[in-house]
Structure formats: structure tokens, C-alpha cells
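Just dropping this structure here.
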Amino acid sequence: MAREVFPDGDISVARFPTGARHFVFEAVSTQGGSVVVRISRSTAVGVALDALYWSGKLRPLGVPLPEVLYADTTMTRHPFPFMILERLPGCDLGLVIDGLSPDALRSLARRVAGIQAIVGDLPQGQGYGFTPRLEGPFPHADWGQAVAASIERSRKRIRAAGIFGDLPGDRVEAASGRLADYFARLPPTPFLHDITTRNVIVEESRLSGIVDVDDLCFGDPLFLLGLVRMALSANGHSLCYADSWTELLRPDAEQRAALDFYAALFCLDFMGELGHRFNRATAAPVDQAYAERLRVLLDRSLAA
């Protein structure tokens, strides 16, 4: 596949250690240069097409997605869709965040918040939730339904893995009910939903770009910030980056309550990931210390 852009010389290939939806590799040519080869399952050709769609929509607006150098979604030469992308210099934020200064983290938060503002200026949706195109389809009639769907997905995963039981899901569902009026008033604002400690590429303390935009979410942009907070907390990082982003948004008391709830919602989501293999041959052994940390973080988020 990398021969599409590196026809000559030797090529070395290594898989990136992250990624739960696609199979992503770096290909380095002895002739100079490197690219990213992103392979999707044959059943996910629509997702590959959606990624190309959003690249065409967002890059011209100033969203720093990698350039698409080659794409084949026909599945005629290979039994699955793939694309070859510009290799952005740097690595995921989560790999370097502990070495970044508070000033660098504040600058990075301003940059990413600015990108989110660009996306937020796109037309509002005709519904809520995750959708592959600006025109939809939209899976939910209101934001509360989108939240309920997230809770139910996590519950199903938790039950299948048999690690945490039903209590965490029950507690998060009860907390969602206390925000029902807030959810009902929210407009369907578009936002990027997966630029956390992953998919934000940083080089020498500065943003290099963002990756893996296959769809947008329409609803409350604070949803993402709740995910960022929980991703940092769950992995033992400082909250300076998330706090800086929060300060830029100046949330009121109701929005701060929603932010705490979203952190709990994603704690439940992280609980649901344990015991599943996703794009790996087998599920990783459950880290009991990490599982206990999630229990503590859920308690903290729900008590805030």
C-alpha cells in the first residue's frame, strides 16, 4: 500500500500502539519520508468514506487534519479500504503531556479550543448525536437521548466483561436525570468528540495537528471536555490542560455540573472498555489497580 507514494526503495512498517477502530501503521521509506497507512475493516468502508468527506470539509476551514495522499475504498486491489495520510510530526498528547510546562499546556488548550470553535461555526444539526455527514442522519431527537445511549452502551460492555456489575451504570443514569432540563435546552452544536490525550499530535510542545476525524457529534461541546478530564485523571496526568480549556469557556454553574457529569459518564465508558479486545487478537489482562482508580474517579465525579 505504501508503494502508492513510495514506489522505490525499501519500506519499513510498524503498527501504532493505539487505535480501537482502525489498523494504523507508519511506513518509512529509505528514499526519505514517512506516511501513515490507515486500514479499515471491509465492513467499515462507509467510515473510510466519511473520513475523506470530513477531510474535504474541515481542512479548508483551517482544521489541521493530515493531507490525504492516496485513498482506495473500492476494495478491488485489497480486501479492505485504506488511505495513506501525511505523517504529522510528533506523537499523541498523552505520550508527552507530563513533560510539558503549564505555559505550553495553556497554549495547547487555546489552540485546540480554537479548532473546536471553527467546527462549532458549522451549521447546527437537525438532530443530535454522532453522524457521518453534516446533513445526517441524526440518531437522536434530543441530547438526553444521546446521553442515555452512551450509558446503555457502557452498561452492555460492563455486563459482558463481568468486572464492575450494574451499580456504576445505575448511578450515572440517576445523575443524568438531574440534568434533564439542561439537556433539553441544548442546541445541536457540532463538535469534535475524540480529540483527547489521543488524536492530538504534539511536536516540541506545539500542536502539529489532529487525526482520526470520521464523524462529528452534535449536542453539547462540553461532552468532549468531560472526556478530556477523565482521560487525564484515569491515566494519572495533571489536569492543567483541561483546566486551561475550561477557563477559556467560562462555564456557569449549570455547565460545570454538566462537565462533572460528563466526566462520570466517560469513567463509565472506560469501565466498559476493560475486558474487551477491540482491534487486538485477545483482550488485555485487567489491570486491577486501574479498575480501582476508575471506581474512585466515578465516586469523585458524582460527588462534585
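The values are calculated or read from the model by the stated rules, or taken from the named source; none is laboratory data. The model shown is predicted, which means the values in this text are computed figures rather than measured ones. Cβ: placed from backbone, ideal geometry, glycine included. Neighbour counts: every protein chain shown. These area figures cover heavy atoms from the full protein model, side chains too; ligands, DNA and RNA do not enter into them. Shrake-Rupley method; radii C 1.70, N 1.55, O 1.52, S 1.80 Å.
What angle do you read, to the nearest 10 degrees and between 0 and 90, between the alpha-carbon axis of helix 288-303 and the longest principal axis of the chain?
For 288-303 against the chain, the angle is about 50 degrees.
Please identify, among L248, L65, L216, the residue showing maximal mean-square fluctuation in a Gaussian network model of the chain using a 10 angstrom Cα cutoff.
Largest GNM mean-square fluctuation: L248.
Share of the stretch 83-181's accessible area from carbon and sulfur, percent, 1.4 Å? Write out the running numbers ahead of the final one.
Numbers: 2540 of 4960 Å².
Carbon plus sulfur share of accessible area: 51 percent.
Count charges around R185 for me, please; just the other residues with Cβ under 12 Å from its Cβ, Lys/Arg as +1, Asp/Glu as -1. All intermediate terms of the calculation are to be shown ahead of the outcome.
On the way: positive: none; negative: D142, D181, D220, E254.
Net local charge, R185 excluded: -4.
Gaussian network model of the chain, Cα springs within a sub-10 Å range: biggest mean-square fluctuation belongs to which of Q145, Q31, Q124?
Maximum among the listed residues: Q31.
Could you list the GluC sites (Glu not before Pro) in the stretch 88-191 that lie in coil according to DSSP, counting only those with at most 13 other Cβ atoms within 10 Å of their Cβ?
Numbers: sites: E135, E152, E173; in loops: E135.
Sites meeting the loop and neighbour criteria: E135.
A further question follows. Roughly speaking, what is the centre-to-centre gap between the stretch 233-304 and the stretch 170-195 when only Cα atoms are used, to the nearest Å?
For the stretch 233-304 versus the stretch 170-195, the Cα centre distance is 15 Å.
A further question follows. Any idea of the accessible area per residue across the chain, 1.4 Å probe, to the nearest Å²?
Numbers: 14370 Å² over 304 residues.
Result: 47 Å² per residue.
Can you compute the helix-only [θ] at 222 nm over the chain? Use -39500 (n - 2.57) per DSSP H run of at least 4 residues, normalise by all residues, nearest 500 deg cm²/dmol. Intermediate values should be presented prior to the final figure.
Details: 10 runs with 133 residues, N = 304.
Calculated at 222 nm, the ellipticity per residue is -14000 deg cm²/dmol.
I would also like to ask the following. With axes computed from alpha carbons, what is the tilt in degrees of helix 102-120 against the longest principal axis of the chain, rounded to the nearest 10 within 0 to 90?
Its long axis makes an angle of about 90 degrees.
Same structure, new question: How high is the relative contact order of the chain, given as a whole-number percent (alpha carbon pairs under 8 Å, six or more residues apart)?
On the way: 511 pairs, mean separation 56.4, N = 304.
Relative contact order for the chain comes out at 19 percent.
Tell me the label only: which of (1) 57, 48, 32; (2) 97, 60, 38; (3) 60, 42, 42 is Cα extents along the principal axes in Å as calculated from this structure?
(3)
Hey, another quick one. Specify the angular offset, from 0 to 90 degrees and rounded to the nearest 10, of the alpha carbon long axis of helix 240-249 from the longest principal axis of the alpha carbons in the chain.
The helix 240-249 is inclined about 70 degrees to the chain.
Of the residues A283, A263, A104, which exhibits the maximal mean-square fluctuation in a Gaussian network model of the chain defined by a 10 Å Cα contact cut-off?
Looking only at A283, A263, A104, the biggest GNM fluctuation is shown by A283.
Right, another one. All other residues with a Cβ under 11 Å from the Cβ of T30 taken together, and with Lys, Arg as +1 and Asp, Glu as -1, what is their net charge?
So the environment of T30 carries a net charge of -2.
Would you work out what percent of the accessible area of the stretch 212-304, with all protein chains in place, is carbon or sulfur (probe 1.4 Å)? Let's see the in-between values first.
On the way: 1940 of 3950 Å².
Carbon plus sulfur share of accessible area: 49 percent.
Let me make sure I get this right: for the stretch 36-86, a, b and c are the square roots of the gyration tensor eigenvalues over alpha carbons, sorted descending. Under 1.5 in a/c it's rounded, otherwise prolate if a/b > b/c, else oblate. Which is it? Present the calculation step by step, with values, prior to reporting the outcome.
Values: a/c = 2.76, a/b = 1.89, b/c = 1.46.
Prolate is the answer for the stretch 36-86, as a/c is 1.5 or above and a/b outweighs b/c.
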